[in-house]
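Undergrad: Can you read through this structure? Questions will come right after.
The values are calculated or read from the model by the stated rules, or taken from the named source; none is laboratory data. None of the values given here were measured: they were computed from a predicted structure. Heads up, the Cβs are rebuilt from the backbone with ideal geometry, glycines too, and the neighbour counts pull from every protein chain shown. To get the accessible areas, we keep the full protein, side chains included, count just its heavy atoms, and leave off ligands, DNA and RNA. Shrake-Rupley method; radii C 1.70, N 1.55, O 1.52, S 1.80 Å.
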2 protein chains.
Amino acid sequence: MDCIFCKIIAGQIPSHKVYEDDQVLAFLDINPVNHGHTLVIPKSHVGDIEEATGEQLSSLALAIKKVGRSIKEGLGVEGYNVTENNGSVAGQIIPHLHFHVIPRQAGDGLKLWPPRGNYQGTEAEDILQKIKIN
Amino acid sequence: MDCIFCKIIAGQIPSHKVYEDDQVLAFLDINPVNHGHTLVIPKSHVGDIEEATGEQLSSLALAIKKVGRSIKEGLGVEGYNVTENNGSVAGQIIPHLHFHVIPRQAGDGLKLWPPRGNYQGTEAEDILQKIKIN
């Protein structure tokens, strides 16, 4: 398995570990958007959310909550973003599921994507017919 | 409770429901970044990840996985972003925990935040001392 995150988990590549349990590892992103930017990953290799089991997703969510609280308390910031990119078209570079936890401060210059392409006529209904889960 | 998402859950405000179970509701964002942009929320009011229980986070994660798959299959897109904003400084507007699932297509013009402020000297170690969870 030539996966850089699996090598980090195995200790073959060093990392700054923020949190670890049986299922999950969290470590500092070496290319941070803001200092303290942490990656939370499952220890078993899965490519993305769709390959993850419910147990993995549950353990990841709990770890994200712990890391988020620690970032707020430890760095004295008021909030953070949690992001996960599924597929290269969405900006996923490492094909091992990872959640970003990004500390935020007022005036840090980061902006969320703006709304665009509001629904006209029956567009929302048309979309819903395609994706609704019954 | 003057929460717009609680009113959507209660049916007092209409929505385009993508998915629903005992714990979770998913519906189209009325101000989509891309068409099909869906919000996944817990039915019980919690402000953010830190207020959510493990059971809520687990059910949200499973619902996100379902919605993501449905978006890919239904809209024929190759990927999606999952984002969650904790705190107004992070861009959270509605104080009811919600995860965005945003369909992505090549050439849609959306860009992730670039890395910046790489760690120099002992900066990464200094951060780690502040946020490491033992």
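Undergrad: Could you go through region A:22-41 and let me know if any residue there is in contact with a strand residue (DSSP E or B) (Cβ under 8 Å, 6 or more places away or on another chain), within 21 Å of B:Lys72 (Cβ to Cβ) and among the hydroxyl-bearing types (Ser, Thr, Tyr).
TA: no
Undergrad: Turning to a different aspect of this structure: Taking into account only those residues within region B:83-113 that are open to solvent by 40 Å² or more (accessible area, probe 1.4 Å), under 24 Å from A:Lys65 (Cα atoms) and of a type outside the set (Val, Ile, Thr), which is nearest to the chain's Cα centre (by Cα)?
TA: If we take residues in region B:83-113 being open to solvent by 40 Å² or more (accessible area, probe 1.4 Å), under 24 Å from A:Lys65 (Cα atoms) and of a type outside the set (Val, Ile, Thr), then B:Pro95 is nearest to the chain's Cα centre (by Cα).
Undergrad: Restricting to region A:36-66, and then to whatever is within 7 Å of chain B (Cβ to nearest Cβ) and within 11 Å of A:Val101 (Cα to Cα), can you tell me which residue is surrounded by the fewest Cβ atoms within 10 Å (Cβ to Cβ)?
TA: Restricting to residues being within 7 Å of chain B (Cβ to nearest Cβ) and within 11 Å of A:Val101 (Cα to Cα), the top hit is A:Lys66.
Undergrad: Quick check on this structure: which one of B:Ile102, B:Ile71, B:Ile93 is more than 7 Å from chain A (Cβ to nearest Cβ) and either touching a Lys or Arg at 6+ places or on another chain (Cβ under 8 Å) or outside any loop (DSSP other than H, G, I, E, B) (or both)?
TA: B:Ile102
Undergrad: A follow-up question, please. So, in region B:20-35, of the ones that are within 24 Å of A:Gln129 (Cβ to Cβ) and not aliphatic (A, V, I, L, M), which residue ends up nearest to the other protein chains (Cβ to nearest Cβ)?
TA: Among those that are within 24 Å of A:Gln129 (Cβ to Cβ) and not aliphatic (A, V, I, L, M), it is B:Asn31.
Undergrad: Additional query: Given the conditions (1) touching a strand residue (DSSP E or B) at 6+ places or on another chain (Cβ under 9 Å); (2) farther than 20 Å from A:Leu39 by Cβ, report the number of the one that B:Tyr119 does not fulfil.
TA: Single failed check for B:Tyr119: (2).
Undergrad: Filter region A:51-62 down to the residues that are within 22 Å of A:Ile8 (Cα to Cα), assigned to a helix (DSSP H, G or I) and more than 11 Å from the chain's Cα centre (by Cα) and list them by number.
TA: Across region A:51-62, the qualifying residues are A:Glu51, A:Glu55, A:Gln56, A:Leu57, A:Ser58, A:Ser59, A:Leu62.
Undergrad: Say we look at region A:43-63 and pick out the residues that are in contact with a helix residue (DSSP H, G or I) (Cβ under 8 Å, 6 or more places away or on another chain) and of a type in the set (Val, Ile, Thr); which of these is nearest to B:Leu62 (Cα to Cα)?
TA: A:Ile49
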